1. Quick check on this structure: which one of 82, 113 is touching a helix residue (DSSP H, G or I) at 6+ places or on another chain (Cβ under 7 Å), free of Cβ contacts under 8 Å to residues at least 60 places away in the same chain and within 14 Å of residue 62 (Cα to Cα)?
2. If you check residue 29 against the conditions, is it outside any loop (DSSP other than H, G, I, E, B) and at pLDDT 95 or above?
3. How many residues does the range 116-153 contain that are exposed (fewer than 14 other Cβ atoms within 10 Å of the Cβ) and modelled with pLDDT under 95?
4. Mind checking which residues of the range 159-175 are in contact with a strand residue (DSSP E or B) (Cβ under 6 Å, 6 or more places away or on another chain), part of a loop (DSSP other than H, G, I, E, B) and either modelled with pLDDT of 90 or more or exposed (fewer than 15 other Cβ atoms within 10 Å of the Cβ) (or both)?
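The values are calculated or read from the model by the stated rules, or taken from the named source; none is laboratory data. Here the structure is a predicted model, which is why all the values come from computation and not from measurement. As a convention, Cβ positions derive from the backbone with ideal geometry for all residues, glycine included, and neighbour counts pool all protein chains shown.
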């Protein structure tokens, strides 16, 4: 019995060159919460970008806090644009610290929202990534609710690569 020729096996060399020049990952979206998982996801995204010539979009969701509301009521010069500006600066420093020289190579986006899952879904709609590179946290105990990573995966329609970060020690600010 002779092997069957498939279109892939019978295509000529010129056609193969055209296929290899197409990048499968044109744009990578990396949601960042500044954890070890986000660092691992960003490192992987930058390796993928280097290999495939992809654009990397770092995305962060600074959440609304009581201090912001207090400052707004006192007439302090601190508003929504200040929070976004500070988030952009933090993302630039994060990129430079994790992958030196990368801060100028990435697109940085931030959106203030109290629901990071919804914000990541909007970022996906805005940037149309080929894939989302999402850091996940290791959990020691059974969860009674879904993790944020699982909720994001269920909410968005684009492919997701999950990257597990290193286990981080629990830190309590009160001790």
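1. 113
2. When the stated conditions are applied, residue 29 passes them.
3. The number of residues fulfilling the criteria is 10.
4. 159 - this is the single residue of the range 159-175 that is in contact with a strand residue (DSSP E or B) (Cβ under 6 Å, 6 or more places away or on another chain), part of a loop (DSSP other than H, G, I, E, B) and either modelled with pLDDT of 90 or more or exposed (fewer than 15 other Cβ atoms within 10 Å of the Cβ) (or both).
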